[in-house]
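Quick notes on the structure that follows.
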Amino acid sequence: MSRLTYTNRVITETLRLYPPVWFSTRATSTDTELGGHPIPAGSMVIFSPYQVHHEPRVYHDPYRFDPDRWEPDHAKATPRTTWIPFGAGARKCIGANVGIAELTIALAAIVSRWHLHPVPGEKVRPRAQAVLFPQATAPDRATTSLSSITSGALRVRGAQGRIRTPLNGTTSARPRPSPFRPR
Ligand code: HEM
């Protein structure tokens, strides 16, 4: 897996652009100050990894998908606390390495067998829920496919590319047009 450097850059950039945990909280244990604002002990501070990840002072052209920002030289210059899809500090996600390993294996397995194409006419944008989900303009078709990918639960069967989503436990009864085309 360590040789899949470009796959890793794609995943790093995807988690920057669309951190599934788009807001988080911390409680202050002492009186403190943030950006000149006094914050008393016992306050809840809400912050957004999504906002941090789109900060133009850190990321040039922040809304552009550019895996090459994570080439080793560029990556070194990026402060560690400005890429926080797994949080930071003592309560950082305990499953970060497992999550990255799952994403790497799933993405490498999919793109080595399939060409992925956006469904013509569809626009996918993030939908803010407790975690970020992609939202497509035709929810019946593209959202199902994409949520399957993001949940790591994609199954593609046969050349028709029919998709089963363990999210809702159903298999599509009728074949749906698939965004996946076999090589
Ligand atoms: C892409 C996948 C994942 C993302 C984006 C993610 C993200 C996060 C985030 C943002 C936090 C809060 C960290 C903080 O407050 O600083 C968290 C906490 C946590 N995550 Fe994940 N996570 C992922 C996968 C996993 C996996 C695979 C596991 C288990 C194997 C896991 C287990 C946990 C646990 C137990 C905590 C609570 C840690 C604590 O409070 O001490 N996560 N995760």
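The values are calculated or read from the model by the stated rules, or taken from the named source; none is laboratory data. Everything numeric in this text was worked out from a predicted model, so none of it was measured. No Cβ is skipped: glycine too gets one built from the backbone with ideal geometry, and neighbour counts run over all protein chains shown.
Here is a list: ARG26, ARG16. Which entry is surrounded by fewer than 18 Cβ atoms within 10 Å (Cβ to Cβ) and within 16 Å of the ligand (Cβ to nearest atom)? I'd like the intermediate steps shown before the answer.
Values: ARG16 fails: surrounded by fewer than 18 Cβ atoms within 10 Å (Cβ to Cβ).
That would be ARG26, the only listed residue that is surrounded by fewer than 18 Cβ atoms within 10 Å (Cβ to Cβ) and within 16 Å of the ligand (Cβ to nearest atom).
Which one is surrounded by the fewest Cβ atoms within 10 Å (Cβ to Cβ) among residues in segment 71-96 that are hydrophobic (A, V, I, L, M, F, W, C) and under 19 Å from VAL10 (Cα atoms)? Walk me through it before giving the result.
Start the filter on segment 71-96 by keeping residues that are hydrophobic (A, V, I, L, M, F, W, C), which leaves 75, 77, 83-84, 86, 88, 90, 93-94, 96.
Now narrow it down to the ones that are under 19 Å from VAL10 (Cα atoms): 75, 77, 83-84, 86, 96.
On the way: ALA75: 12, ALA77: 8, TRP83: 21, ILE84: 21, PHE86: 18, ALA96: 12.
Residue satisfying both the conditions and the ranking: ALA77.
Against the definition (away from the ligand (no atom under 13 Å from the Cβ) and out of contact with any Lys or Arg (no Cβ under 9 Å at 6 or more places or on another chain)), how does ALA108 come out, yes or no?
Against the criterion (away from the ligand (no atom under 13 Å from the Cβ) and out of contact with any Lys or Arg (no Cβ under 9 Å at 6 or more places or on another chain)), ALA108 qualifies.
Quick check on PRO67: is it touching a residue at least 60 places away in the same chain (Cβ under 8 Å) and not assigned by TED's automatic domain parsing to the domain that holds SER2?
no
Please work out which one of (1) among the acidic types (Asp, Glu); (2) within 12 Å of the ligand (Cβ to nearest atom); (3) in contact with a helix residue (DSSP H, G or I) (Cβ under 8 Å, 6 or more places away or on another chain) is the condition GLU71 fails and give its number.
(2)
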